[in-house]
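Presented below is the structure to which this report refers.
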Amino acid sequence: MALYAYWKKSVIGFLLCILTFAVTKCVSQKVLEVPLLEVGNLWYKSFSTSSIISFFSTFLDFYSIYTYICLTAVCVAMYYLYQLFCVPLNRIRILGDIGYVTEGKFSMKDMANIVQKSRMVGEVPPVYPNGWFGLTESFQLKKSETKNIQVLGLQLALFRDEYGEAHAVDAYCPHLGANFAAGGRVVGDCIECPFHGWQFRGSDGKCTKIPYSENIPEMAKVKSYITKEMNGWIYIWHHAEEGTEPYWMPPEIEEIQSGQWAYGGRSEHYINAHIEEVPENGADVQHLYNVHTPFMTAGIDLRHMWSTVWSFASHVWSAKWEAQKAPNEHIGVLNLTHKLRMFGKTITPINLDVQANQIGPGIVYLEFSSFFGRGVYIQSVTPVEPLVQKVVHNVYIDRRLPTILSKFFMVSEAIQVERDIMIWNNKRYLNKPLFVKSAEDSLLSKHRRWYSQFYSEHSPRLKFQKDTLEW
Ligand code: FES
Ligand SMILES: [Fe+2]
């Protein structure tokens with residue numbers, strides 16, 4: 001599909017190119033003899049004296065096919081340069097795209113299915129922790145738009161009302177079960193069911209209109225969830241104990257809210273693992289050496305990334321993780337420094353000092369400072385199924401810096417995450433790991449104790465595994 005889209009754009013570029021030059025000096029002289037082309041004639045006359053046309057005419061032969069081939073090549077090159085330098089990264093990898101070991105004729109997708117079915121899951125903690133979770137980035141939900149979102153064992157209709165406020169309600173209409181997100185319209189601050197036109201207010205879920213009845217029963221209500229929009233995200237509050245209001249909030253990132261830092265791209269990954277595996281990575285300082293040392297160009301396949309071809313360069317990390325004290329006990333902080341070494345020398349402009357704040361079970365703000373300035377990666381980990389996580393990263397940097405730089409930051413981060421994915425997709429969660437007496441392993445125990453605060457009595461547990469997980 002992507003290839004088709006590029007070809008389509010290339011063909012459009014080519015046609016535009018022909019259209020433009022068809023009215024320039026040499027071609028126009030012939031064509032404009034046909035009286036019907038008056039518009040072209042006017043264009044020709046207005047431009048025939050222009051220095052630009054004469055300039056091109058001196059060294060371009062517009063009767064030659066090669067001229068058009070070259071111009072098409074220039075258009076295609078300009079399109080790709082525009083994509084590279086001006087369009088923020090949007091890297092999406094779904095399950096089965098990466099992170100498995102292919103064998104013989106089995107494709108990555110085949111292996112994903114095989115591993116999902118055969119892997120020992122282990123005794124995993126509850127599958128949906130309590131806290132704030134990212135539903136979607138703000139820019140993905142336009143005014144009056146509705147989206148069906150599957151997260152945390154819920155089916156939600158997420159919509160942005162006509163006043164710009166985002167609301168999340170249960171997707172199924174209490175009247176006869178139609179899905180609001182499959183054709184529902186936004187009316188004022190309500191969502192209107194596509195089936196019989198009942199309207200429900202986003203803020204509290206109350207039914208405000210039944211087109212064929214004056215009487216609106218008290219029971220006519222859809223469940224509405226607490227949401228908060230900040231830092232370019234729409235977050236939902238989820239707690240297994242019914243009625244528990246939020247008792248902590250994600251902090252606002254001043255530079256994003258004020259517009260000082262601009263959005264610079266995103267990556268989206270689907271991971272087959274328990275949610276806790278992802279944040280546990282932050283406290284796992286030893287894995288930085290084993291998984292994240294080889295130079296980024298060595299790729300994401302753990303089997304091949306130690307290739308000697310790329311051994312002249314490597315990433316060097318040092319890290320320290322600690323949980324915060326009350327009232328910020330829901331925050332874990334990882335202080336990380338990154339150095340790039342090439343031929344034994346440190347490449348200073350690539351150095352990075354990172355403070356990664358894990359805010360609750362599913363949000364991380366990684367604030368970094370580099371040679372080019374400060375910025376932040378926003379990470380969101382949200383369970384879409386008990387053992388499937390949607391992991392999204394955004395990058396924001398100083399708005400005066402070029403897009404190509406944020407693209408570089410985003411690609412570097414995505415490659416490192418994709419190496420972790422190969423571990424997560426294939427590993428088993430060990431409830432009782434074999435730790436040795438060491439600073440490294442004791443940090444992992446600390447992290448597990450810290451993360452357990454996000455589970456409560458009624459947190460849902462994994463009860464069964466599907467017979468088939470094919471997609
Ligand atoms: S099913 Fe929604 S109004 Fe009837
Ligand atoms: Fe990692």
Taking a crude spin-label model, label points 7 Å out from Cα along the C-beta direction, the M78 to Y289 distance in nm is 5.3
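Give K109/K142; K117/K390; K109/K427 a once-over and call out the pairs whose C-alpha atoms are over 22 Å from each other. Don't skip to the answer; put the middle values down first.
Values: K109/K142 33 Å; K117/K390 20 Å; K109/K427 17 Å.
Where the Cα-Cα span goes over 22 Å, the pairs concerned are K109/K142.
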Reduced to Cα centres, the span from region 60-90 to region 101-166 in Å works out to 38
So V333 and K142, fully extended at 0.36 nm per residue minus their Cα-Cα distance, gain in nm 65.4 nm
Two pseudo-spin positions, 7 Å from Cα along C-beta at K437 and at N351, lie apart in nanometres by 3.7
When W237, W198 are ranked with the fewest other C-beta atoms within 10 Å first, the list becomes W237, W198
Each label sits 7 Å from Cα toward the beta-carbon; between M342 and K427 the label points are separated, in nm, by 3.2
Scalar couplings 3J(HN,Hα) for region 294-302 by Karplus 6.51 cos²θ - 1.76 cosθ + 1.60 (θ = phi - 60°), nearest whole Hz, x for Gly and Pro, are x, 4, 4, 5, 6, x, 10, 8, 4
So for the chain, using the alpha carbon gyration tensor with a ≥ b ≥ c as root eigenvalues (a/c under 1.5 gives rounded; past that, a/b versus b/c decides prolate or oblate), I'd call it oblate
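Rounded to the nearest 0.05, what FRET efficiency is calculated for S318 and F372 with R0 set to 25 Å and r the Cβ-Cβ distance?
For S318 and F372, the calculated efficiency is 0.75.
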Phi angles of region 411-427, converted by Karplus (6.51 cos²θ - 1.76 cosθ + 1.60, θ = phi - 60°) into ³J(HN,Hα) in whole Hz with x for Gly and Pro, give 5, 4, 5, 4, 5, 5, 5, 5, 5, 4, 4, 5, 5, 4, 4, 10, 7
In region 333-377, the chymotrypsin sites (Phe, Trp or Tyr not before Pro) that sit in a DSSP loop and have at most 11 other Cβ atoms within 10 Å of their own Cβ are F343, F371
Note: T102 to S57 extended length (0.36 nm per residue) minus current alpha-carbon separation gives 10.6 nm
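Within 10 Å, count the other beta carbons around each residue, average over each peptide in 112-118, 62-68, and list them highest first.
Packing order, densest peptide first, comes out as 112-118, 62-68.
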Diffing region 122-135: the Karplus 3J(HN,Hα) column from phi (6.51, -1.76, 1.60, θ = phi - 60°), in whole Hz with x for Gly and Pro, holds x, 8, 8, x, x, 8, 10, x, 8, x, 8, 10, x, 8
The helix 2-22 Cα axis meets the longest alpha-carbon principal axis of the chain at an angle in degrees, between 0 and 90 and rounded to 10, of 20
FRET efficiency (E254, H458; Cβ distance; R0 35 Å; to 0.05) is 0.45
Given pairs K228/K325; K339/K446; K105/K432 and cut-off 31 Å on Cα-Cα distance, the over-length ones are K105/K432
Taking Cα atoms only, helix 65-86 is inclined relative to the longest principal axis of the chain by an angle, in degrees rounded to 10, of 30
Working note, region 131-230: Cα radius of gyration (Å, one decimal) and Dmax (Å, whole number) are 12.7, 40
Taking alpha-carbon centroids only, region 200-215 lies from region 374-446 a number of Å equal to 42
Here the gain from full extension of I12 to R119, 0.36 nm per residue of separation minus their alpha-carbon distance, amounts to 33.7 nm
Quick note on R428, R303, ordering by fewest other C-beta atoms within 10 Å, gives R303, R428
Most exposed to least, judged by fewest other Cβ atoms within 10 Å, K407, K221, K105 sort to K105, K221, K407
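Where a number appears in this text, it was derived from the coordinates with a stated rule and is not lab data. What you see is a predicted model; the values in this text were computed from it and never measured. For neighbour counting, all protein chains shown are included, and Cβ atoms are generated from backbone atoms with ideal geometry for every residue, glycine included.
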